[in-house]
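> Handing you a structure now.
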Amino acid sequence: MRLFFVNLGYALLLLNFILYALHYSKQTKVYKIFTGYIFVIVCVQIATYTCFRLYNNNLFLSHFYFIGQFIMLSLFYSKLVKGDFQKKVIRIGLILVLSTLVIQYTVKPELFLKFNLYEIFITSFLIIIYATFHFYNMLDEKKEFYFINMGVIMYLFGSTILFLVGNLTTNFSAKFSFITWTLNVVLYAIYQLFILYEWKVSFSKSKKEKVLE
């Protein structure tokens with residue numbers, strides 16, 4: 001079952017990248033940044049799969065995943081939110097988090113070969129805050145990237161909890177740890193479905209077709 005959802009998540013990720021890339025040149029900067037985010041994740045996942053097959057070790061690539069996701073989604077929300085205060089919070093958050101991570105890996109380079117709980121928590125937590133900003137803005141404004149925003153909050157909130165719990169329980173129960181990782185891949189597949197549904201309702205039809213409706 002776990003393998004099914006892993007493969008489903010990969011397949012949906014690749015499908016989403018292809019679909020979003022098809023309309024890349026005609027879309028807004030926000031759309032292009034999000035497409036860039038999907039591309040970064042595709043590259044990391046390919047590298048992860050390749051390293052696992054060749055060396056049976058891909059843990060270090062988790063840092064590229066979390067940091068790459070944080071950078072791209074920070075840029076995405078910095079263009080999506082409207083208020084100057086919100087934009088400033090995102091810019092400061094991006095600079096501070098990247099600075100602290102550089103210092104952390106410089107002082108303790110051995111962390112590069114482990115799961116970094118600080119990295120997982122802070123990058124995910126701030127993106128959830130940024131997504132909450134956007135939900136607040138959508139109360140009075142056009143609902144742009146509504147389903148993607150829902151998916152981001154659902155996935156990052158659930159995934160962060162599962163990563164923290166899974167890391168704490170690895171020494172106590174292999175079965176419980178397996179359950180948490182299985183739930184994580186299920187969440188990831190659902191997240192990709194949110195992204196796919198956003199494309200279907202917002203971008204699958206041309207502006208001309210929408211006007212004719």
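The values are calculated or read from the model by the stated rules, or taken from the named source; none is laboratory data. In this text the structure is predicted, and so the values were computed from the model without any measurement. All Cβ positions, even for glycine, are placed from backbone atoms using ideal geometry, and neighbour counts span all protein chains on display. These accessible areas exclude ligands, DNA and RNA; they are computed on the full protein's heavy atoms, side chains included. Shrake-Rupley method; radii C 1.70, N 1.55, O 1.52, S 1.80 Å.
> Quick check: with the 1.4 Å probe, what order do LEU12, LEU164 take by accessible area, largest first?
Descending order: LEU164, LEU12.
> Using the Cα centre as the reference, give the magnitude of the dipole from point charges on the C-beta atoms of the stretch 6-90 (Lys, Arg: +1; Asp, Glu: -1; all else neutral), rounded to the nearest 20 debye.
Rounded to the nearest 20 debye, it is 320 debye.
> For each pair in LYS79/LYS114; LYS87/LYS142; LYS32/LYS142; LYS142/LYS205, compute the distance between the two Cα atoms and list the pairs where it is over 25 Å.
Where the Cα-Cα span goes over 25 Å, the pairs concerned are LYS79/LYS114.
> Something else now. Roughly how many Å² of HIS23 are accessible to a 1.4 Å probe, to the nearest 10?
It works out to around 50 Å².
> Arrange the residues ILE71, ILE90 by how much accessible surface each exposes, largest first, with a 1.4 angstrom probe.
ILE71, ILE90
> Between (i) 1.20; (ii) 1.12; (iii) 1.06, which matches Cα Rg over 2.2 N^0.38 Å calculated for the structure shown?
Identified label for the calculated read-out: (iii).
> Considering only protein heavy atoms, with the full assembly of protein chains and a 1.4 angstrom probe, order ARG91, ARG53 by accessible area, largest first.
Of ARG91, ARG53, the descending order of accessible area is ARG53, ARG91.
> Alpha carbon centre of the stretch 1-36 versus the stretch 95-168: separation in Å?
If we compute the Cα centre of each part, the gap is 19 Å.
> Per-residue counts of other Cβ atoms within 10 Å, averaged by peptide: what ranking do you get for 131-143, 98-110, highest first?
Output ranking for 131-143, 98-110: 131-143, 98-110.
> I need to check one value: relative contact order of the chain, counting alpha carbon pairs closer than 8 Å and at least 6 residues apart, in percent.
Dividing the mean separation by the residue count of the chain yields 25 percent.
> Please report, in debye to the nearest 20, how large the charge dipole of the chain is about its Cα centre when each Lys and Arg carries +1 at its beta carbon and each Asp and Glu carries -1 there.
420 debye
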